[in-house]
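Q: Got a structure for you, written out below as structure tokens; questions coming shortly.
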Amino acid sequence: MTGSTNADRYAHTATTLANGLVLVAAGAYFNSAELYNLSTGIWTMTGNMNFQRSHHKASILTNGYVLVTGGIQNSAALNSAELYNPSINAWTTTGNMNVARYDHTASTLTNGYVLITGGRNRHNYFNSVELYNPSTGTWTITQNMSVARAYHTACTLTNGHVLITGGFKGSTPYRSAELYNPSTGTWTTTGNMNVARSDHTASTLTNGYVFVTGGRNFNTHINSVELYNPSRGTWTITRNMSSPRSHHTASTLTNKYVLVTGGFIAGAYLGSAELYNLLTGTWTTTGDMSVERTFHTATTLQNGYVLVTGGAMRNDRNTVELY
Ligand SMILES: *[C@@H]1O[C@H](CO)[C@@H](O)[C@H](O)[C@H]1NC(C)=O
Ligand SMILES: *[C@@H]1O[C@H](CO)[C@@H](O)[C@H](O)[C@H]1NC(C)=O
Ligand SMILES: *[C@@H]1O[C@H](CO)[C@@H](O)[C@H](O)[C@H]1NC(C)=O
């Protein structure tokens with residue numbers, strides 16, 4: 001049983017807490033948050049956030065709190081950040097970021113700090129990078145990325161470095177990728193992807209490689225898939241997805257598959273899903289979702305199922321489904 005969320009949201013976040021509950025927060029156009037218990041399939045409302053926001057990011061901290069940063073409210077970027085305390089089910093504001101931004105990335109580093117990169121505020125795209133110190137609740141500007149980018153991805157590699165890929169400033173996406181070294185606080189460029197893309201997915205696999213799928217180049221949607229070898233810093237094209245898609249999800253399953261769901265193609269929302277077999281490097285289509293979704297979330301649960309919530313679909317945004 002999966003129930004349905006209490007609010008019909010999109011461009012929200014979903015975060016697995018240490019106790020196994022899934023925290024779904026904000027999105028267009030809510031400041032509410034709710035919790036999913038996978039053993040009962042029941043959703044319960046939890047404390048409201050201080051700000052309504054969508055296109056924000058949520059990061060689980062090493063102390064179990066969830067840090068939510070930035071986003072859009074009334075078409076303007078937010079610099080505010082807030083913390084969810086799972087023991088009292090409540091939100092408190094913490095230090096503001098130096099730069100108001102949405103469609104940025106947020107990565108919890110192995111030292112507990114949170115790295116925020118890029119993003120935009122209307123026509124301004126940012127190369128700026130800042131770090132959140134969870135002990136003081138304050139932000140520090142650190143070295144800029146080589147280019148301003150939004151709609152990019154950030155993945156933490158097994159050595160603790162953060163790999164940034166693609167995204168765009170204006171309209172043309174990048175092939176470029178860069179690496180952040182948390183010990184030195186510096187950026188270095190690494191190999192370019194074969195295909196320029198934004199609004200794609202990037203997932204760190206258990207073998208340390210990074211798996212990139214789909215995205216778009218302005219109005220052209222992309223079916224290509226590539227793998228990053230972190231020891232060589234190079235990219236290799238692997239087999240295409242059956243459908244081009246952007247604004248989709250990719251979830252690493254416990255059984256060596258990656259599940260891709262939904263997304264956007266040429267003005268249409270997708271309900272289709274496909275599975276990549278990491279051992280054979282091949283794709284197979286799997287059952288469609290019950291509705292088409294984009295700007296949705298997909299969370300791999302402790303029991304191996306994938307929980308899909310919300311999205312900008314034609315109707316029934318509060319529907320939830322389990323794969
Ligand atoms: C989830 O629900 C089960 C069954 O009611 C309950 O025993 C468990 O404590 C709940 N989990 C959390 C983290 O609240
Ligand atoms: C980052 O780049 C901006 C211009 O895009 C510049 O104004 C700023 O000083 C740079 N910051 C750092 C820390 O280098
Ligand atoms: C992937 O699809 C593109 C067309 O979208 C095609 O040009 C390319 O050859 C395909 N690549 C592979 C590896 O099949």
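The values are calculated or read from the model by the stated rules, or taken from the named source; none is laboratory data. Quantities reported herein were computed from a predicted structural model and do not represent experimental measurements. A quick note on method: Cβ atoms are made from the backbone with ideal geometry, for glycine too, and the neighbour counts reach across all protein chains shown. The accessibility values were calculated without ligands, DNA or RNA, using every heavy atom of the protein model including side chains. Shrake-Rupley method; radii C 1.70, N 1.55, O 1.52, S 1.80 Å.
Q: Roughly how many nanometres apart are two label points built 7 Å out from the Cα toward the Cβ at residue 275 and residue 138?
A: It is 5.1 nm.
Q: Suppose all protein chains stay in the model; what accessible area per residue would a 1.4 Å probe give for the chain, in Å²?
A: Value returned for the chain: 40 Å² of accessible area per residue.
Q: Continuing with this model, one more query. Measure off 7 Å from each Cα along the Cα-to-Cβ vector at residue 79 and residue 158, then give the distance between these two points in nanometres to one decimal.
A: 4.1 nm
Q: Further question: Just the number, please: carbon plus sulfur as a percent of the accessible area of the chain, 1.4 Å probe, no ligands or DNA/RNA counted.
A: It is 48 percent, rounded to a whole number.
Q: Just the accessible area for residue 57, please: 1.4 Å probe, Å², rounded to the nearest 10?
A: Using a 1.4 Å probe on the heavy atoms, I get roughly 60 Å².
Q: How compact and how long is the chain, expressed as Rg and Dmax of its alpha-carbon atoms in Å?
A: When restricted to Cα atoms, the chain yields Rg and Dmax of 18.2, 48 Å.
Q: Further question on the same structure: Relative contact order for the stretch 1-156: what percent, with Cα pairs under 8 Å and sequence separation of 6 or more?
A: That works out to 14 percent.
Q: By how many nm would the segment from residue 232 to residue 146 lengthen if fully extended, with 0.36 nm per residue of separation less the alpha-carbon distance?
A: Extra length available between residue 232 and residue 146 comes to 28.9 nm.
Q: Given Cα pairs under 8 Å that are at least 6 residues apart, what percent is the relative contact order of the chain?
A: In percent, rounded to a whole number, it is 11.
Q: Under a point-charge model restricted to the Cβ atoms of Lys and Arg (+1) and Asp and Glu (-1), what is the dipole moment magnitude of the stretch 1-144 relative to its Cα centre, in debye to the nearest 20?
A: Dipole size: approximately 220 debye.
Q: Debye calculation, C-alpha points only, no solvent: report log10 I(q)/I(0) for the stretch 1-144 at q = 0.09, 0.10, 0.12, 0.14 Å⁻¹, in the same order as the q values.
A: Results for the stretch 1-144 at q = 0.09, 0.10, 0.12, 0.14 Å⁻¹ read -0.26, -0.32, -0.45, -0.61.
Q: In addition: Starting from the Cα-Cα distance between residue 92 and residue 175, subtract it from 0.36 nm times their residue separation and give me the gain in nm to one decimal.
A: Result: 26.0 nm gained on full extension.
Q: Mind jotting down the distance between the C-alpha centroids of the stretch 1-55 and the stretch 71-89, whole Å?
A: 13 Å
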